[in-house]
Amino acid sequence: MVEQRRFFSGLKCRECGRPYPGKALYVCEYCFGPLEVEYDYALIGDSLSREKIEARRKSMWRYRELLPVAGDISVGADVGFTPLVRAKRLAAEWGVREVWLKNDSVNFPTLSFKDRVVSVAVNRARELGFKVISCASTGNLANSVAAQSASAGMQSFVFIPHDLEDGKILCSSIYGTKVVGIRGTYDQVNRLCAEIAGRYGWGFVNINLRPYYAEGSKSMGFEIAEQLGWRIPDHVVVPMAGGSLITKVDKAFDEFAKLGLVPHKTAKIHGAQAQNCAPIVNAFRAGSDVVRPIAEPNTIVKSLAIGNPADAHYALQTISGSGGSGVAASDAETIAGIELLARTEGVFAETAGGVVVAAAIKLLASGQVKPDESLVLCITGNGLKTKEALHGRHELKTTIKPSLAEFESLIETESPTKEWK
Ligand SMILES: *Cc1c(COP(=O)(O)O)cnc(C)c1O
Ligand SMILES: [Zn+2]
């Protein structure tokens, strides 16, 4: 067992550096900067080693010194440590040496990377004494809040835009949470939730618990480095909604380097968004740090449809600072990306995964990723939850009577080259 020592000391303003206690606080009273968890890296450095991590259970909690929960892990102990798959057939299709899929489409329990952030937030919420867990969500976050609150025996409320995919709604509702659909955009949902959080004293994982929630995303970066054999890849492509995950993958690599767990080597970190809701990519392309919000996102990529991303500014810093770039994908390119990934690697990703595959194609075409470099694609959600995006493209086309003769005539017409025989 891990010693129950406090490896994090509290919170700190990212802008002015003022310290805050480790409570449900998220914005600096003085400069309105976001608060971030502060760790005692000297203490962590004394405690953590590759061997120690490798001996632990295969979940995101094998890095628990670097995650902001003080006591025992009571919810989501099995979240994370998803497969890092060597994508040989996709690499061959693209003519590159080394492509990997960090496959969070099979994360436990709700098949998206959001299980990581929610596991941290719910454990911390319990420690802080919250009774009700809540969130503003584009779908996956609501699913994970609903499931992990249920398993923790806690009450939950989730707030979503009313027009999400059926799968995203079902995968919240099934757990007995109260699902509230707001007739508006995600940004309107989020503003309403900030008001509710102030009024009701609930633990909103991505609002008043955001500093803890956001740290959960680091585990994706830790796992990539460990699963590559304690190595940082040359390139990572990360989908961006609020822009938090991309900054935390970067932070994870930095922390591992700082602790001597990986050789210091910088990865280029690329951010991907849907063309019709790409405020961060647009700012990157314009060479500007002013992010112009998208008022009415209109894309099939609903999980990434945040018009006014909370962490846009820091996401831009991560992209520029690492030498990466911002890439947008159209809806058609997204669908092609989903189908290519499924056909070559047997991985069925949601729309955000299609955006990442499409972005990788563009990075290769423009020469930003070279054929002899290593490339990791973050596949953050599962295709079964966004079936609408593929509507009409994969219906059952072939039916026959249960007769061998019918099958033989079918194979004659469908496969006259006799390749099946
Ligand atoms: C939430 C989400 C993201 C990105 O999350 P941010 O940290 O808000 O940028 C990426 N992919 C999927 C599938 C998501 O649900
Ligand atoms: Zn401040």
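State in Å² the accessible area per residue of the chain; use a 1.4 Å probe, count heavy atoms of protein chains only, and round to the nearest integer.
Result: 43 Å² of accessible area for each residue.
Once every DSSP H run of n ≥ 4 in the chain is given -39500 (n - 2.57) and the sum is divided by its residues, what mean residue ellipticity at 222 nm do you get, rounded to the nearest 500 deg cm²/dmol?
Mean residue ellipticity, 222 nm, calculated: -11500 deg cm²/dmol.
Per residue, what volume in Å³ does the Cα convex hull of segment 280-369 take up?
Hull volume over Cα atoms, normalised by residue count, gives 105 Å³.
Which value results when the Cα radius of gyration for the chain is divided by 2.2 N^0.38 Å?
1.00
Using θ = phi - 60° and the Karplus relation 6.51 cos²θ - 1.76 cosθ + 1.60, list the HN-Hα couplings for segment 273-287 in order, rounded to whole Hz, with x at every Gly or Pro.
9, 7, 3, 7, 8, 10, x, 6, 4, 4, 5, 4, 5, 7, x
Of the accessible area of segment 151-227, with the probe set at 1.4 angstrom, what percent is carbon plus sulfur?
48 percent
Of VAL327, ILE306, VAL369, whose Cα points farthest to the positive end of the dipole of segment 230-369 (charges on the beta-carbon: +1 Lys, Arg; -1 Asp, Glu; origin at the Cα centre)?
It is VAL369, whose Cα lies furthest towards the positive end.
In terms of Cα to Cα distance under 29 Å, which lysines are near enough to LYS12, apart from those fewer than 8 places away along the same chain?
LYS23, LYS52, LYS114, LYS131, LYS218, LYS248, LYS251, LYS258, LYS265, LYS268
Pick out which of LYS385, LYS114, LYS370 has the largest mean-square fluctuation in a Gaussian network model of the chain, springs linking Cα atoms closer than 10 Å.
Evaluated over the chain, the most mobile residue of the options is LYS370.
Say we join alpha carbon atoms closer than 10 Å with springs in a Gaussian network model of the chain; which of ILE335, ILE44, ILE319 then has the biggest fluctuation?
ILE44
Let me know the volume per residue of the alpha-carbon convex hull for segment 1-89, in Å³.
154 Å³
For TYR30 and ALA365 in the same chain, what is the full-extension length gain: residue separation times 0.36 nm, less their Cα-Cα distance, in nm?
Extending this stretch completely gives an extra 116.0 nm.
Grab every C-alpha pair in segment 324-421, bin the distances at 5 angstrom width from 0 up to the longest one, and report whole percents.
It works out to 2, 11, 17, 16, 12, 10, 11, 9, 6, 3, 1, 0, in whole percents.
Restricting everything to alpha-carbon atoms, can you work out Rg to Rh for segment 157-232 with a Kirkwood hydrodynamic radius?
Result for segment 157-232 is an Rg/Rh of 1.11.
Compactness ratio of segment 32-142: Cα Rg over 2.2 N^0.38 Å, N = residue count?
For segment 32-142, the normalised Cα radius of gyration comes out at 1.30.
Any idea how many Lys pairs in segment 287-413 come in under 29 angstrom at the alpha carbon, given 8 or more places apart or on separate chains?
10
Report the extension gain between TYR200 and ALA332 in nm, rounded to one decimal, defined as 0.36 nm multiplied by the number of residues separating them, less their alpha carbon distance.
43.3 nm
Treat each spin label as a single point 7 Å out from the Cα along the C-beta direction, and report the CYS16 to ALA55 distance in nm.
If labels sit at CYS16 and ALA55, their model points lie 4.6 nm apart.
For segment 200-274, state which chymotrypsin sites (Phe, Trp or Tyr not before Pro) are in a DSSP loop and have at most 15 other beta carbons lying within 10 Å of their beta carbon.
Within segment 200-274, the qualifying chymotrypsin sites (Phe, Trp or Tyr not before Pro) (loop, at most 15 other Cβ atoms within 10 Å) are TRP230.
Using a Gaussian network for the chain with springs between C-alpha atoms less than 10 Å apart, which of these wobbles most: ARG183, ARG126, ARG199?
ARG199
Please compute the length gained on full extension between LYS131 and SER320, using 0.36 nm multiplied by the number of residues separating them and subtracting their Cα-Cα distance.
64.0 nm
Kirkwood Rh over alpha-carbon pairs of segment 84-239, then Stokes-Einstein at 4 °C and 1.567 mPa s: what D in µm² s⁻¹, rounded to an integer?
78 µm²/s
Based on C-alpha coordinates, I'd like the Rg and Dmax of segment 243-294, in Å.
Reported Rg and Dmax, both Å: 14.1, 41.
I'd like the carbon and sulfur percentage of the solvent accessible area for segment 264-421, probe radius 1.4 Å, heavy atoms only, ligands and nucleic acids excluded.
Result for segment 264-421: 55 percent of the exposed heavy-atom area is carbon or sulfur.
What do the square roots of 5 times the Cα gyration tensor eigenvalues come to for segment 26-70, in whole Å, largest first, as semi-axes of the equivalent ellipsoid?
After scaling each eigenvalue by five and taking roots: 29, 12, 6 Å.
If one computes the Cα centroid of segment 108-152 and of segment 18-54, what distance in Å separates the two points?
20 Å
Around VAL357, under 12 Å between beta carbons, what's the net of Lys plus Arg minus Asp minus Glu among the other residues?
Its environment carries a net charge of -3.
The values are calculated or read from the model by the stated rules, or taken from the named source; none is laboratory data. All values reported here derive from a predicted model rather than from experimental measurement. As a convention, Cβ positions derive from the backbone with ideal geometry for all residues, glycine included, and neighbour counts pool all protein chains shown. Just the protein is used for accessible areas: all its heavy atoms, side chains included, with ligands, DNA and RNA removed. Shrake-Rupley method; radii C 1.70, N 1.55, O 1.52, S 1.80 Å.
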